[in-house]
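Trainee: Have a look at the structure that comes next, please.
The values are calculated or read from the model by the stated rules, or taken from the named source; none is laboratory data. Everything numeric here is computed off the predicted structure, so don't read it as measured data. Don't worry about glycine lacking a Cβ; one is built from the backbone with ideal geometry, like all the others, and counts go over all protein chains shown.
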Amino acid sequence: MKVSIIIPLYNKAPYVRRALDSIAAQTFTDFEVIVVDDGSTDDGAAIVADYLDARFRMIRQANAGPGAARNAGLAQARGEFIAFLDADDEWLPNYLHDSVCLLESFGSEVAAVTCGYIEYPSGQSLESMWRKRGLSDSVQRVKADTEPSLVVSMLAYMSPCSTLARAEVIRRWGGFYDREKCAFGEDAFLWLKVLLNEQVAFNLEALARFHREDSGLSKNLNGMRPMEPFLEDASEIEAACPPALRNLLSRVLAIRAAKTACVLGYWGHWREARALVRRFTSVKNWQLPYHASAVVCSTPVGSVLGASWRVMSKPFAESRNGHSVVKGTRRKTSSANSTIRILAVVEATNVNAVAKNMFEFHRAANELAQQSAGFPVIDLSLATFDRRNNSAEFVSAARELGLEVDVIPERGRFDPSVIRALRNIVEQRSPDVIVTHQVKSHFLMKVSRLWQKYPWVAFNHGYTTTDRKVLVYNLLDRWSLPKADRVVTVCNAFTQKLVQMGVRSERIHVQHNSIRHEPAVDIEEIRTLQRRLGIKDGERMILTVGRLSKEKAQMDVLRAFKNLSETHEELDARLVIVGDGPERETLEAATASLGLSNRVSFTGQVNNVQIFCAAADVLVNPSHSEGSPYVLLEAMAAGLPIVATAVGGVPEMIENNEMALLVPARNPQMMAEAIARVLNDEQLAQRLSANASTAVCLRFSPENYVRSLVEIYSEVILTAQHSR
């Protein structure tokens, strides 16, 4: 007997005939079929009975899960090769013929051959997707320097319905996971051990049909554990792993954990997803690699979310006393990595969202260059403007990160010497690309004519007000931005405005902000903050963070809080308003007139928002206009439930009722009801925070941000080399 085909059957009556017919239609005929009825309660076994003959047989067992069912079939298999087919999938007529011929052609040194499949109900072949993930028609042997993302792609590719393996190999590595019923991953438990120790042939031709109509994890787990077995207990995988591959294995497991959290969060298993996120971001010896950003989950939600995790470290900083240039210690990198020199021109006084994203870019880029062979070294330097030492906080923060900063002194709002100073800096730095943030930097890039000589990427963060100053800003941007090689904006809501300014649509790139998960805040720090704010035991903390200006609409929060106090007397809560700005006196007066002075705290500007998020019970973002608000990412990363207005790029970032509660702008009553829902429904609050925490890891990671921007920088540099 050449091939034993094993089919686990559990309540697949509508589909099993299709699977069996596809076997009967095979052009290769030297096979046996073992159907393992895993305690079905439908008519599936009766349908199988119609096919029973010398080659088709069925065994029965109490329900124990797909891993146990496959192993039961394996115990009775007589074939030299083993093929698996799920009862709702099917093969093309030449699947066995082509797979057997391919495996035999390689000889005994190749353990298995795995092919492509067509996904249904979409009917799409995924070959191009797999090629983008690094797979090809080849024999693969995992080595210590193999990219972890490639190993994860191999593992995802090896579906049971499309993998033919030598029986001795499957038995050598213990078969499928069968100690408990698992929602998924019992097959990956086997295939990962095979990949770490054997050679596997990959054939990207689609020879099977993989049906998702009745597949995948659902909200009803029917007693199965919602976790991949090798993530809960990796000891068996580690024992089977060659010592030289141990470091690689830890990275592979971390990426796979990201995929699993993605699936769990998508299907509403927020407790398990959150636990997984916390585990793999807290265990120090499991370094979470940037390679994960290249991996996209092979689930419906995976194509949207992707998988990306990391553990970052702070770079060592070194300063030159008395000089405006801040010198940083550069990391040693492989000579194989190319270098991209970037000069970022930015007007900044404090560490705002723009500064935070630049700093995250710097740190994540350093890590990527260290960990990913071939990823370019990013040599980032900054140029900023200083009038009356108002940029000291920003420059100091850059110094701590080891960034080089050129400070351009200004004698007033309109100082022509700034243009000459910027030109001199550019000549000294000789950057490969110049990046500008905010209207002044865009304007100087245009008026200095530097855009004619250097590739230029402009960041448009949008304006959330419509006053006279913003009208002037828009006029200046209308004159400057069309000359940029690329314009990066923070949300799709701003793209139409850029097109109206004259920016060509093909030059616009939408890139949401990014954030990293920081270590949990110490409970004593939280208690100290609560005491300072006057929050009593049992009192709930409602937090809002932002510049105190009209468009940020803190007045709406005050009115919502007043409404909440009147309609939900059972809630004992305090409103904490973090931030400063021109509306502070107006807001403080309104607080007094509403009779809320003893229940509202104004903190002023703070640098560490994380501790406030850790102490709060809900974040409220009431803005009338927004781009991609960084405070939402800070709350998501902290696992803080969110109530926000559905304006600007907010609905692009967070899904209503899944990751936050979104309400219309300028509606304090609906805002109050949403806040009450979060505070009164613990299960809702936990689900929102867990889904948001998972999403921030998977969608808004610094490494995804870096890879996307580096691709843009590389494109404009390459284009400039051919045109300038």
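Trainee: Give the stretch 563-579 a look and list any residue that's in a helix (DSSP H, G or I) and out of contact with any helix residue (DSSP H, G or I) (no Cβ under 8 Å at 6 or more places or on another chain), or say none. So that I can check it myself, show each step before the final result.
Mentor: Narrowing the stretch 563-579 to residues in a helix (DSSP H, G or I): 563-567.
Scanning the stretch 563-579 gives a single hit, Glu566.
Trainee: Here's something else I'd like to know. Residues being more than 22 Å from His97 (Cβ to Cβ) and surrounded by fewer than 18 Cβ atoms within 10 Å (Cβ to Cβ): count how many of those fall in the stretch 16-44.
Mentor: 5
Trainee: Is it the case, given these coordinates, that Ile170 is modelled with pLDDT of 90 or more and either part of a loop (DSSP other than H, G, I, E, B) or buried (at least 17 other Cβ atoms within 10 Å of the Cβ) (or both)? Working first, answer last.
Mentor: On the way: modelled with pLDDT of 90 or more: yes; either part of a loop (DSSP other than H, G, I, E, B) or buried (at least 17 other Cβ atoms within 10 Å of the Cβ) (or both): yes.
For Ile170, the condition - modelled with pLDDT of 90 or more and either part of a loop (DSSP other than H, G, I, E, B) or buried (at least 17 other Cβ atoms within 10 Å of the Cβ) (or both) - is met.
Trainee: Name the pairs whose Cβ atoms lie under 7 Å apart, with the first residue in the stretch 573-586 and free of Cβ contacts under 8 Å to residues at least 40 places away in the same chain, the second surrounded by fewer than 19 Cβ atoms within 10 Å (Cβ to Cβ) and charged (D, E, K, R), and 6 or more positions between them or separate chains?
Mentor: Between residues of the stretch 573-586 that are free of Cβ contacts under 8 Å to residues at least 40 places away in the same chain and residues that are surrounded by fewer than 19 Cβ atoms within 10 Å (Cβ to Cβ) and charged (D, E, K, R), the close pairs are Leu575/Arg599; Gly579/Arg547; Gly581/Arg547; Glu583/Lys550.
Each row is one residue, and each column tells you yes or no for (1) modelled with pLDDT under 95; (2) part of a helix (DSSP H, G or I); (3) among the charged types (D, E, K, R).
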| position | (1), (2), (3) |
| --- | --- |
| Glu551 | yes, yes, yes |
| Phe561 | no, yes, no |
| Gly581 | yes, no, no |
| Leu587 | no, yes, no |
| Phe602 | no, no, no |
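Trainee: For the structure I just gave you, tell me whether Phe494 is surrounded by 20 or more Cβ atoms within 10 Å (Cβ to Cβ), in contact (Cβ under 8 Å) with a residue 40 or more places away in the chain and in the same structural domain as Phe459 (by TED's automatic domain parsing).
Mentor: The answer is yes for Phe494.
Trainee: Moving on to the next point. Please enumerate the residues belonging to the stretch 110-131 that are under 21 Å from Ala188 (Cα atoms) and either outside any strand (DSSP E or B) or acidic (Asp, Glu) (or both).
Mentor: Residues of the stretch 110-131 that are under 21 Å from Ala188 (Cα atoms), as a first pass: 110-119, 126-127, 129-131.
Scanning the stretch 110-131 gives Glu119, Leu126, Glu127, Met129, Trp130, Arg131.
Trainee: Sticking with this structure for a sec: Going residue by residue through the stretch 186-198, is there one that turns out to be among the acidic types (Asp, Glu), under 23 Å from Arg133 (Cα atoms), surrounded by fewer than 18 Cβ atoms within 10 Å (Cβ to Cβ) and at pLDDT 75 or above?
Mentor: Looking for residues that are among the acidic types (Asp, Glu), under 23 Å from Arg133 (Cα atoms), surrounded by fewer than 18 Cβ atoms within 10 Å (Cβ to Cβ) and at pLDDT 75 or above, one finds none in the stretch 186-198, hence no.
Trainee: Among (1) within 26 Å of the chain's Cα centre (by Cα); (2) modelled with pLDDT of 90 or more; (3) farther than 29 Å from Ser372 by Cβ, which single condition is Leu245 missing?
Mentor: Evaluating Leu245 over (1) within 26 Å of the chain's Cα centre (by Cα); (2) modelled with pLDDT of 90 or more; (3) farther than 29 Å from Ser372 by Cβ leaves (3) as the failure.
Trainee: Just to verify a result, which residue in the stretch 682-718, among those that are small (Gly, Ala, Ser) and within 19 Å of Glu658 (Cα to Cα), is surrounded by the most Cβ atoms within 10 Å (Cβ to Cβ)?
Mentor: Step by step, filter the stretch 682-718, then rank; the result is Ala692.
Trainee: Further question: Determine the pairs where a residue that is within 22 Å of Gly175 (Cα to Cα) and surrounded by fewer than 21 Cβ atoms within 10 Å (Cβ to Cβ), located within the stretch 230-255, has a partner that is modelled with pLDDT of 85 or more and among the β-branched types (Val, Ile, Thr) with Cβ atoms under 7 Å apart, the partner being 6 or more residues away or on another chain.
Mentor: Matching pairs, first to second residue: Leu245/Val142.
Trainee: From the list Arg666, Arg584, Arg677, Arg599, which residue is in contact with a strand residue (DSSP E or B) (Cβ under 6 Å, 6 or more places away or on another chain) and charged (D, E, K, R)?
Mentor: Criteria check complete, one pass: Arg599.
Trainee: Would you mind telling me which numbered condition in (1) at pLDDT below 85; (2) out of contact with any helix residue (DSSP H, G or I) (no Cβ under 6 Å at 6 or more places or on another chain); (3) closer than 30 Å to Arg17 by Cα; (4) buried (at least 23 other Cβ atoms within 10 Å of the Cβ) Ser218 fails?
Mentor: Just one mismatch for Ser218, condition (4).
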